[in-house]
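First the structure, in the form of structure tokens, and then the observations on it.
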Amino acid sequence: MDEFELIAQLTPGLPSNATVICGAGDDCALLDLGAPDRWALFKTDAVVEGIHFLPDTPPEKVGHKALARALSDVAAMAGTPTAALVTLGLPRNFDPARVAAMYRGINALAAAAEVAVVGGETTTNPERIMISVSLLGWVPRGRALLRSGARVGDALFVSGELGGAMAGRHLDFTPRLAEARWLADHCEVHALMDISDGLAGDLRHILHASRVGAELLEDAIPISRAARQRAREHPDAKPALHAALTDGEDFELLFTVPGREAVKVLDGWKREFPETRLSCIGRITAEPGLRLRDRRGTQPLEWHGYAHFA
């Protein structure tokens, strides 16, 4: 049983109440807590030594990543983060200086994102470090962007470049908070999420939630220079396209807009974010499933993204 099979087994029986607008199944929980102008976003995420970082990873980067992952999920709802709680699970022989440096990484990013770190928990965790971040945020009432809104004929976009995690980008990425809020304010976005487990895996979440299919254009996939270089220099590495579609931890935005809006979105993005690439990588289709079109034609895409326990 992999991560997503386990989630599918556990989530149908989750209790709910009148505050829940969107629970398990999107990037954040969406709650109505009674504010007249906004809905609340609630998210938790964790990084574990040996899975998300290594024992020799610079500790400031570990802290940065721990908070940045949760911030990226708030960006995926076009929200604004406000406050975080941090839980530390530490082995008994932990290095206090290393833990303090991790907190410096958390604090630096929190200050840059105007997020308050308001407390947390510490506990013993055998053998390895774990950092869990719970994050509160908000989105204007009625304007949250979910995974479930993609429509047939939509153009499919991705920000940045894909496949750079193996070269270390997963440790120092900047969550696309400003970009997502700009999209929500200026574009007719139908569906939005961030890419954490690989384009080939995460796009399937949009397709499942929206009950549609998609066709990707191989030549349009924005493959990072790091992925291309790794494929050239390491005989056992994945081909660059495979890495861009499956490695994960890109933390870029993946979204759909009406096909007629595609040029407008590209032009506006270039004006607002000239240093960040935006690519139209395909379209949403009525035919279910995920397909890849290359020079030989169109075939079902068999690759999937990262899944814990797989």
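Worth a mention:
- Here Met193 meets each of (1) modelled with pLDDT under 95; (2) surrounded by 15 or more Cβ atoms within 10 Å (Cβ to Cβ); (3) not in a helix (DSSP H, G or I) with one exception, condition (1).
- Single residue of segment 23-61 satisfying the filter (of a type in the set (A, V, I, L, M, F, W, C) and at pLDDT below 95) that is farthest from Ser134 (Cα to Cα): Ile51
- Enumerated strands (runs of 3 or more DSSP E) restricted to segment 1-85, each holding at least 2 residues that are in contact (Cβ under 8 Å) with a residue 24 or more places away in the chain: 20-22, 38-48
- Residue within segment 137-149 that is farther than 22 Å from Leu177 by Cβ and at pLDDT 95 or above present: no
- Selection count, segment 221-279, where residues are hydrophobic (A, V, I, L, M, F, W, C), assigned to a helix (DSSP H, G or I) and surrounded by 14 or more Cβ atoms within 10 Å (Cβ to Cβ): 12
- Within segment 196-215, the residues that satisfy the criterion of being part of a helix (DSSP H, G or I) and either over 20 Å from Thr298 (Cα atoms) or of a type outside the set (A, V, I, L, M) (or both) are Gly201, Asp202, Arg204, His205, Ile206, His208, Ala209, Ser210.
- Meets criteria (outside the structural domain of Ala237 (by TED's automatic domain parsing), modelled with pLDDT under 95 and polar (S, T, N, Q)) for Asn93: yes
- Residue within segment 89-103 that is aromatic (Phe, Trp, Tyr), more than 25 Å from Phe255 (Cβ to Cβ), out of contact with any Phe, Trp or Tyr (no Cβ under 9 Å at 6 or more places or on another chain) and not in a loop (DSSP other than H, G, I, E, B) present: yes
- Those residues of segment 150-170 which are modelled with pLDDT of 95 or more and of a type in the set (A, V, I, L, M, F, W, C), in sequence order: Ala150, Val152, Ala155, Leu156, Phe157, Val158, Leu162
- Count - residues of segment 95-141 that are surrounded by 16 or more Cβ atoms within 10 Å (Cβ to Cβ) and β-branched (Val, Ile, Thr): 8
- Residues that are buried (at least 24 other Cβ atoms within 10 Å of the Cβ) and hydroxyl-bearing (Ser, Thr, Tyr) within segment 142-190 comprise just one, Ser159.
The values are calculated or read from the model by the stated rules, or taken from the named source; none is laboratory data. All values derive from a computational prediction rather than experimental measurement. A quick note on method: Cβ atoms are made from the backbone with ideal geometry, for glycine too, and the neighbour counts reach across all protein chains shown.
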